[in-house]
Amino acid sequence: MEDLQRAESRLDNIRTVEPILSALCTISLGSWQAALRRKNGVRRYEERLAAMLPPLLPHVRPRSPSGAFRRLQALVSRAGDKFSPVFLSPGEAREGPPTQVAALVIGNERGLCGGFSEAIVERAERHLAGPEFVGVQVELMALGSRVHRTLRRRQRPLVWSGTLPVTALPPYHLAFDLACRWLMRYEEHELDAVDVIYNAYQGAGQYEPTVVRLIPPQHPREEGVPSAEPRPLPIIETDPLSLYARIVEQWTAVSLYGLFLDSAAAEHSTRYQLMETASQNADRLIDELTLAIQTARQREITQEMQELAVGAGLLGG
């Protein structure tokens, strides 16, 4: 009797949880597909921005007697309430290895996606423990409450931490604000590089911890691009330096936003797979417990009938 009551209580609990698992599975599937669609759109926009730089670069190279590039000075353009930062001039390279690096670790805000945060934190620690970071001052930043707590448990100091939306995809303005801040500090020699560490989407329920160097931005090259016909020279009706600065600003922000969406797709696909498996296990347990309860009830009914028959003298003792 006690086993039957325990099985009935367990069955009631699983039947209560099963709709929640199905709802989480549906939500994760929708967020996963939305992240992939937006990621494809962002990638096309990033490719169009990158295609604008090669024909523009010859127009923004300053002329000097030595032929060397100079740093672009006082290039500030008003954009609403924000100001666009200044940038390194094309082709200018930093001397020596970086000494000041910012590292952003992108995690997740919600749980129920396995070891998503632990995997990316372990990858970040391996990356920052490499020989190229000996003597380098690292500014560690975290995006996502889960990865923030994981880094704090491992006693890794953070200079900045942010949260991700719970019911929506990461916003673009977050990537734009971070990119503008880093580019400004990069131009002022306060930062030498910016690394983004995140879980790259590899398919349904699969991801790979990845490190991407976002800054300094790598200008696209025209080598290897087939050109059957000579292209006419572009007509630029605005200041080339201002146009160059705006394109690099947008390109860097869009690249960072694409990494946000890639991490979101990996997170939601992982959660979907886990919730789908949990929902299937719940259905299987419901069937098994239902069968066990029915068998136990039939056994009790049979035993009661035997006891009644013995009491009535229909069966021998």
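The values are calculated or read from the model by the stated rules, or taken from the named source; none is laboratory data. Not measured: the values here are computed from a predicted model. Cβ coordinates were reconstructed from backbone atoms using ideal geometry, including for glycine residues, and neighbour counts include every protein chain displayed.
The single residue among Pro217, Pro232, Pro226, Pro209 that is farther than 30 Å from Leu174 by Cα, at pLDDT 60 or above and not in a helix (DSSP H, G or I) turns out to be Pro232. Quick one: in the range 168-220, of everything that is of a type in the set (Phe, Trp, Tyr) and surrounded by fewer than 21 Cβ atoms within 10 Å (Cβ to Cβ), which residue is farthest from the chain's Cα centre (by Cα)? The qualifying residue farthest from the chain's Cα centre (by Cα) is Phe176. Filter the range 91-124 down to residues that are at pLDDT below 85 and touching a strand residue (DSSP E or B) at 6+ places or on another chain (Cβ under 9 Å) and give me whichever is nearest to Val194 (Cα to Cα). For the range 91-124, the residue satisfying everything is Pro98. For first residues located in the range 125-149 and farther than 18 Å from Pro209 by Cβ, partners that are modelled with pLDDT under 95 and not β-branched (Val, Ile, Thr) and lie 6+ apart or on another chain with Cβ distances below 7 Å form the pairs Val136/Pro98; Gln137/Gln100; Ser145/Glu109. Does Thr167 count as at pLDDT 95 or above and among the β-branched types (Val, Ile, Thr)? Answer is no for this residue. Restricted to the range 120-160, and to residues there that are under 18 Å from the mean Cα position of the chain (by Cα) and of a type in the set (Lys, Arg), the residue that is surrounded by the most Cβ atoms within 10 Å (Cβ to Cβ) is Arg146. Of all residues in the range 84-113, those that are at positive phi have Cβ atoms under 6 Å from Cβ atoms of residues that are surrounded by 15 or more Cβ atoms within 10 Å (Cβ to Cβ) and modelled with pLDDT under 90, 6 or more apart or on another chain, in Gly91/Phe69. Within the range 30-85, being modelled with pLDDT of 80 or more and charged (D, E, K, R) holds for Arg37, Arg38, Lys39, Arg43, Arg44, Glu46, Glu47, Arg48.
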